[in-house]
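Student: Just passing along the structure, written as C-alpha cells.
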Amino acid sequence: MINLIMAAPDPIVLETDDRTPESALDSDEVRLTFEVHNLSIWYGDKRAIDSVTLNVPSNAVTSIIGPSGCGKSTFLRSLNRMHELVPGTRVDGSVLLLGENLYAPDVDPAIVRRRVGMVFQKSNPFPTMTIGENVTIGLKLNGVRDRKFLNERLEKSLRMAALWDEVKDDLHKAGTSLSGGQQQRLCIARALAVEPEVILMDEPCSALDPIATAKIEELIHELKKNYTIVIVTHNMQQAGRVSDYTAFFYLGRLIEFGPTSKIFSNPSDKQTEDYITGRFG
Amino acid sequence: MHSKDKDRHRWRKFKSGLVSFGTLAAAVLVIAPLGLVFFHLLVNGAGAVNWDFFTQLPKPVGAPGGGMVNAIVGSLELLALGSAVGIPIGVLGGVYLAEYGSARGNAMLRFIADVLNGVPSITWGVVVYGLVVLRFKGFSAYAGGLALGLIMIPLILRTTEEVILLVPNGYREASLALGIARWKTIVNVVMKTASKGIITGILLALARIGGETAPLLFTAFGNRFWNHDLSQPIAALPLQIFTYAISPYDDWHRQAWAGALVLVMGIFCINVLVRILTRDRAGTST
Ligand SMILES: Nc1ncnc2c1ncn2[C@@H]1O[C@H](COP(=O)(O)OP(=O)(O)O)[C@@H](O)[C@H]1O
Ligand SMILES: [Mg+2]
C-alpha cells in the first residue's frame, strides 16, 4: 500500500524581498504553501507566463483574476504540473511546495498531483463509475485495498464536500446522475479523498447557477481550515467573497498581489484598478 | 392570386414530388437486395435447417440427411483463434495510436491500417499459405485462424482508436490530477469509458470475418470430419457452403442453402448485438 499521508514540513517564514509585489504579506509570520520564483512557461514558442514571483500562504484562499487568456489556468496548472500534459511546454524558474522544488529532476509528477489536488471548470465525474467509486478511485488505483479504510474515507470526503447528506443513500448510483452543482462537489470529494495538502480550482463555478455557486463558496470557506486553496475566477465578486489574497494577472505577468481587501479597495497599480472597476477585461 | 403564380406553384409541387419519388425508389433499391437474399435463403434453405443440421456430420453423396455440425464448430474455433490474434493486437494498437506515439508515426500507421483494410481477403490467405502452410507442410486450423486474425487487426485498430479519441480529455485530466499513473488512467478510465465502442468494433470485425471464405481456402482448407488437432485442416461453414454449392448434387445444394441461412442468421445476431450496445451508449452519454 502506498502511503498517501505526507508529513507536514516545518513552517516557512517569508523573507522580506522588496522586488516582489507581495510586500503586503511580509509584515508578520505567514506560513507559505507555494513559493513561486521567477516562473516562465512556454507553449512551444509562445510565452504564456512571464517571470512570475509569488508566495501562496497556507490555510488561506488565494484567488487569481485577470482577463481571459492572461495565463491564469496555465499558472494554476503549473502548481501541480498539469500543464505538462500539453506537448511542447517548457518551464523556467522554480515552484517550491512546502520548501521542495516541484520541478527538481527526480520529482515524480504523479506524487506532486497526489499532494496538490485539482478541480476543473467543467465537472467531470467518471461516467462509468458510481458516486462511491468516483470518490474512492484515486485511492484504489494508488493501491489501497482495505475496504473499511475506503468506506471511512468515502464518507469523510463526501462530508467534507458537503455532499454526504444528499447522496448517502445513492452511493451506488452513477456519478453523472447528480445535478451540476452536486457533480462539482463530487469532484471536490474525489480530490479530497487522496488527502492532498492543496486544492487548485479552475473556475469551478462558471458552469453553475447562483445557488450551486453559493454552496461551493461556502464549502471553500470551510475547506480552508484544513487546506490551502488557489482558485481561478473570472468573477470579481466571487474573488472578493471567497479569497483572502488576490493575484491579478495580465498578459502572462503578475501585476499585483496582496490581501483581497487591499486589492479591491486600494490597488497600487493602475491596471489592477482599471480591471477591477471594469474599465477593461 | 394570378394564374401564373398558380402555375408556378403547381410546377414546384411537381418537382418536389418527383424528388421524393426518386429518393424513395433509391431507398427501395438499397433495401431490395437484402430482402431478396433473405427471401431466397428462407425459401431454399429453411427446409434443410433442422435438428440434424446442427448435430450431424455431413453424409456421403446420395445418403439423405446429415448436417454441418463440424463446420459450425470449426467456424467458431477459427473465430476464436482469429480473435486471439486480432483482438489484443488490434486493441493495443488502437490505444497506442490514440494515446501514445508521434503525430507523424501515427499518421503513417493509420495509413498502413487503412491500406490493409482495403486488401482483398484472399491475399491474406495467400500470405499465410506462404508463411505458415508451406513452412509447416500442411493446412491447419492455426493457419486459418491466423489469416482471419490478420484481417481483424486493422479493422479493430481503427475502430478502437476512433472510440478512444472520443473520450473527453476532461476524464484523462481528472484521473491524472489524482496522481494516477498514465497507464492506469488509460486502462481504468479511458478504455473503460470507451469499452462499449471497443466491443462494438470487435463484434463488427467478427461479423466481417465470420463469412470469409477466400482466406480459408489455402489455410484451414476444410474437413469433412471432426477436427481433433488444430494443426490439422478444419471445416468452416463458408468453406463447406462453397464446396457444396459448386458440387453437381441437388441434396448438397440444399445443404449449402441451409448453411448460408445459418451463417447469415449468425452474422445478423452479431449485428443486432451491436445495435443494442450502440443504442445504450447513445442513451447514457448525454
Ligand atoms: N494548450 C495550449 N497550447 C498552446 N497555447 C496555449 C494552450 N493553452 C493556453 N495557451 C495560451 O496560453 C495563454 C494563457 O492561456 P490560459 O492559461 O488558458 O489563460 P486563462 O486561463 O487566463 O484564460 C493564452 O494566450 C493561450 O492562447
Ligand atoms: Mg482558464
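Student: Scan region B:162-182 residue by residue and report those that are part of a loop (DSSP other than H, G, I, E, B), at the interface with chain A (Cβ under 7 Å from one of its Cβ atoms) and of a type outside the set (V, I, T).
Tutor: B:L178, B:G179, B:A181
Student: Okay, next question. On the given criteria, is A:P109 within 16 Å of ligand 1 (Cβ to nearest atom) and of a type outside the set (A, V, I, L, M, F, W, C)?
Tutor: no
Student: I'm trying to understand the selection: among the residues of region A:80-98, which are outside any helix (DSSP H, G or I), open to solvent by less than 10 Å² (accessible area, probe 1.4 Å) and closer than 22 Å to A:L139 by Cβ?
Tutor: A:N80, A:L97, listed by residue number.
Student: Take B:G105 and tell me if it is in the same structural domain as B:F221 (by TED's automatic domain parsing) and exposed (fewer than 14 other Cβ atoms within 10 Å of the Cβ).
Tutor: yes
Student: Moving on. Residues of region A:225-245 being in contact with a helix residue (DSSP H, G or I) (Cβ under 9 Å, 6 or more places away or on another chain) and away from ligand 2 (no atom under 16 Å from the Cβ), which ones?
Tutor: Just the residues of region A:225-245 that are in contact with a helix residue (DSSP H, G or I) (Cβ under 9 Å, 6 or more places away or on another chain), to begin with: A:226-227, A:229-236, A:238-245.
A:N226, A:Y227, A:I229, A:G240, A:R241, A:V242, A:S243, A:D244, A:Y245 - these are the residues of region A:225-245 that are in contact with a helix residue (DSSP H, G or I) (Cβ under 9 Å, 6 or more places away or on another chain) and away from ligand 2 (no atom under 16 Å from the Cβ).
Student: Collect the residues in region A:52-79 that are more than 9 Å from ligand 1 (Cβ to nearest atom), part of a loop (DSSP other than H, G, I, E, B) and more than 14 Å from A:M118 (Cβ to Cβ), keeping them in residue-number order.
Tutor: A:S58, A:N59, A:A60, listed by residue number.
Student: Restricting the search to region A:51-97, which residues are among the aliphatic types (A, V, I, L, M), within 16 Å of ligand 2 (Cβ to nearest atom) and either more than 14 Å from every other protein chain (Cβ to nearest Cβ) or over 22 Å from A:Y227 (Cα atoms) (or both)?
Tutor: A:V52, A:I64, A:I65, A:L85, A:V86
Student: With (1) more than 16 Å from ligand 1 (Cβ to nearest atom); (2) part of a helix (DSSP H, G or I); (3) open to solvent by 50 Å² or more (accessible area, probe 1.4 Å); (4) within 27 Å of A:S51 (Cα to Cα) as the list, and A:K215 as the residue in question, which single condition is left unmet?
Tutor: (4)
Student: Looking at the structure I just gave you, is A:N101 over 26 Å from A:S261 (Cα atoms), open to solvent by less than 10 Å² (accessible area, probe 1.4 Å) and modelled with pLDDT of 95 or more?
Tutor: Spelling it out, it is not the case that A:N101 is over 26 Å from A:S261 (Cα atoms), open to solvent by less than 10 Å² (accessible area, probe 1.4 Å) and modelled with pLDDT of 95 or more.
Student: Please name all residue pairs, on different chains or six or more residues apart, with Cβ atoms under 6 Å, provided the first residue is in region A:117-134 and is closer than 19 Å to A:K156 by Cβ and the second residue is aromatic (F, W, Y) and open to solvent by less than 20 Å² (accessible area, probe 1.4 Å).
Tutor: These pairs meet every condition: A:N134/A:F126.
Student: In the set A:L208, A:L223, A:L200, A:L171, which member is within 22 Å of A:R241 (Cβ to Cβ), in contact with a strand residue (DSSP E or B) (Cβ under 7 Å, 6 or more places away or on another chain) and away from ligand 1 (no atom under 16 Å from the Cβ)?
Tutor: Testing whether each residue is within 22 Å of A:R241 (Cβ to Cβ), in contact with a strand residue (DSSP E or B) (Cβ under 7 Å, 6 or more places away or on another chain) and away from ligand 1 (no atom under 16 Å from the Cβ) leaves just A:L223.
Student: May I ask you to list the residues in region B:183-210 that are at the interface with another protein chain (Cβ under 8 Å from one of its Cβ atoms) and of a type in the set (K, R)?
Tutor: Those that are at the interface with another protein chain (Cβ under 8 Å from one of its Cβ atoms) and of a type in the set (K, R): B:K184, B:K192.
Student: Same structure, new question: Among the residues of region B:196-205, is there at least one that is aliphatic (A, V, I, L, M) and under 30 Å from A:E84 (Cα atoms)?
Tutor: yes
Student: Output the residue which, of all residues in region B:206-253 that are under 17 Å from B:K59 (Cα atoms) and polar (S, T, N, Q), is surrounded by the fewest Cβ atoms within 10 Å (Cβ to Cβ).
Tutor: So the residue we want is B:S247.
The values are calculated or read from the model by the stated rules, or taken from the named source; none is laboratory data. These numbers come from a predicted model, not from an experiment. Don't worry about glycine lacking a Cβ; one is built from the backbone with ideal geometry, like all the others, and counts go over all protein chains shown. All accessible areas refer to the heavy atoms of the entire protein, side chains included, with ligands and DNA or RNA removed. Shrake-Rupley method; radii C 1.70, N 1.55, O 1.52, S 1.80 Å.
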